[in-house]
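One structure below.
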Amino acid sequence: MPEMPSGLSKGLSLRGLEVFETLARTGSVAATAAELGMSAPAVSQQMKNLSAALSVELVDASRRPMVVTPAGRLFLAQAKEALRALRAGQRNLQALDLSELSSLSLGVIEDFENEVTPLLATRLAEAMSQCAFTLQTGASHVLHGRIAARELDIAICAAGDTPPRGTSALPLLDDPYILAVPKGTEIDEGLASLDSLPFLRRDLEQVMGQQIEAYLTRAGIVPANRFEMDSNQSISALVAAGSGWTITTALSLGRAGRFADGIAAHPLPGEAMTRQIVLYASSDWSGGIPEQIAGLARELIALHFTEPGIERMPWLGRSFRLL
């Protein structure tokens, strides 16, 4: 391997190291993209930048599955060690102090069920050696009701028009609404371009469904009420199949999984609209525990949603951001 200068070369990044580590294991750009919540072009660009910074080819892309080159194997060992050290340091710096907690009942929005919630639960369990821990997932409006009824101590969910009674809120994320259409669909005339496709409505009991309906009303648009669903994955599947279009959020599109490649995302025509993800804490919870949990939630949201979301949709700019 050519001798490296003492300073880090332009193109070396933490994300690039994570991409290389994952690609070396999976042998596939598509599998790496799915695992890291990125687009395939973003994975390829990260590898191109990393190889250029090191002046070597790290993987043999002509083979299926891809294999690491001899130079790549040398660098992979160093990259893994660097990532292990960084991850351990991050965990140590962000260690939770919940040792005195005797019980915690936590509710988390369904949007985080696959990526954030399992890691959040694991970190909390590690920090609560003597705590009775209850975890519930559900739609935001359901979690609002549960924390208002004192069935939950803390809820991470979308903010409604007013906070649930007896709670305080810590903001976590601005989650902008976007337009999601089948890939290849022309939208030169805005929403009018989509007249030939049915609109896929969210369940109107959901916070998202109500906010989207209010946007359509203000815009003077009244799509036929043919589809109404509470399943993000079902809506994503129908959009990817060319069976309709929808209004969703950057966070929700990040959960499209295997359907993502069939969906084209665009800025929402007309007025910008954002939902806010917050942590609600019951008013009888004082001290720093809600703040500690909010900080951990922000860390996980950044890793799994905002960073890969901005890579896929750079036009989001600062509208998709941690708070």
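Criterion first (open to solvent by less than 10 Å² (accessible area, probe 1.4 Å) and of a type in the set (Phe, Trp, Tyr)) does PHE133 satisfy it? Before you say what the answer is, go through the steps one by one.
Values: open to solvent by less than 10 Å² (accessible area, probe 1.4 Å): no; of a type in the set (Phe, Trp, Tyr): yes.
When the stated conditions are applied, PHE133 does not pass them.
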Cβ-Cβ under 8 Å pairs, at least 6 apart or on other chains, the range 152-181 side in contact (Cβ under 8 Å) with a residue 40 or more places away in the chain, far side open to solvent by 20 Å² or more (accessible area, probe 1.4 Å) and of a type in the set (Lys, Arg): LEU152/ARG146; ALA155/ARG146; GLY166/ARG150; LEU172/ARG298; LEU173/ARG298; LEU173/ARG321; ASP174/ARG321
SER44 vs. criteria modelled with pLDDT of 90 or more and open to solvent by less than 50 Å² (accessible area, probe 1.4 Å): no
Test set (1) surrounded by 18 or more Cβ atoms within 10 Å (Cβ to Cβ); (2) touching a Lys or Arg at 6+ places or on another chain (Cβ under 9 Å) - ASP284 fails condition number: (1)
Tabulated pairs, the range 206-227, first more than 15 Å from SER140 (Cβ to Cβ) and at pLDDT below 85, second among the aliphatic types (A, V, I, L, M) and open to solvent by 20 Å² or more (accessible area, probe 1.4 Å), C-beta under 7 angstrom, 6+ apart or interchain: ILE221/LEU191
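Listed residues ALA256, ALA272, ALA264; which is of a type in the set (A, V, I, L, M, F, W, C), open to solvent by 50 Å² or more (accessible area, probe 1.4 Å) and either closer than 27 Å to ILE293 by Cα or touching a residue at least 24 places away in the same chain (Cβ under 8 Å) (or both)? Lay out the reasoning, then the answer.
Details: ALA256 fails: open to solvent by 50 Å² or more (accessible area, probe 1.4 Å); ALA264 fails: open to solvent by 50 Å² or more (accessible area, probe 1.4 Å).
After ruling out the rest, the residue left standing is ALA272.
So, in the range 164-185, of the ones that are of a type in the set (Gly, Ala, Ser) and either in a loop (DSSP other than H, G, I, E, B) or open to solvent by less than 30 Å² (accessible area, probe 1.4 Å) (or both), which residue ends up nearest to PRO198 (Cα to Cα)?
Residues of the range 164-185 that are of a type in the set (Gly, Ala, Ser), as a first pass: 166, 168-169, 180, 184.
So of that shortlist, the ones also either in a loop (DSSP other than H, G, I, E, B) or open to solvent by less than 30 Å² (accessible area, probe 1.4 Å) (or both) come out as 166, 180, 184.
Working: GLY166: 41, ALA180: 12, GLY184: 16 Å.
Ranking the qualifying residues of the range 164-185, first place goes to ALA180.
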The range 51-91, subset open to solvent by less than 50 Å² (accessible area, probe 1.4 Å) and under 24 Å from the mean Cα position of the chain (by Cα), residue nearest to SER13 (Cα to Cα): LEU83
Any hit, the range 190-198, residues being part of a loop (DSSP other than H, G, I, E, B), free of Cβ contacts under 8 Å to residues at least 40 places away in the same chain and more than 14 Å from ASP111 (Cα to Cα): yes
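On the basis of being more than 15 Å from the chain's Cα centre (by Cα) and closer than 27 Å to THR162 by Cα, does GLN292 make the cut?
Values: more than 15 Å from the chain's Cα centre (by Cα): yes; closer than 27 Å to THR162 by Cα: yes.
Here the answer is yes, as GLN292 does meet what is asked.
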The range 279-311, residues that are modelled with pLDDT of 85 or more and closer than 21 Å to PRO269 by Cα: GLY309
Among (1) without any contact (Cβ under 8 Å) to a residue 60 or more places away in the chain; (2) under 28 Å from PHE259 (Cβ atoms); (3) in a strand (DSSP E or B); (4) more than 18 Å from the chain's Cα centre (by Cα), the one test that VAL108 misses: (4)
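Please enumerate the residues belonging to the range 199-217 that are open to solvent by 30 Å² or more (accessible area, probe 1.4 Å) and not aliphatic (A, V, I, L, M). I'd like the intermediate steps shown before the answer.
Applying the first criterion (open to solvent by 30 Å² or more (accessible area, probe 1.4 Å)) to the range 199-217 yields 203-205, 210-211, 213-214, 217.
Of everything in the range 199-217, those that are open to solvent by 30 Å² or more (accessible area, probe 1.4 Å) and not aliphatic (A, V, I, L, M) turn out to be ASP203, GLU205, GLN210, GLN211, GLU213, THR217.
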Enumerated helices (runs of 4 or more DSSP H) restricted to the range 9-90, each holding at least 3 residues that are under 27 Å from ASN114 (Cβ atoms) and basic (Lys, Arg): none
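The values are calculated or read from the model by the stated rules, or taken from the named source; none is laboratory data. Predicted model, so just to flag it, every value in this text is computed and none were measured. FYI the Cβ positions are ideal-geometry reconstructions off the backbone, even for glycines, and counts take in every protein chain you see. These area figures cover heavy atoms from the full protein model, side chains too; ligands, DNA and RNA do not enter into them. Shrake-Rupley method; radii C 1.70, N 1.55, O 1.52, S 1.80 Å.
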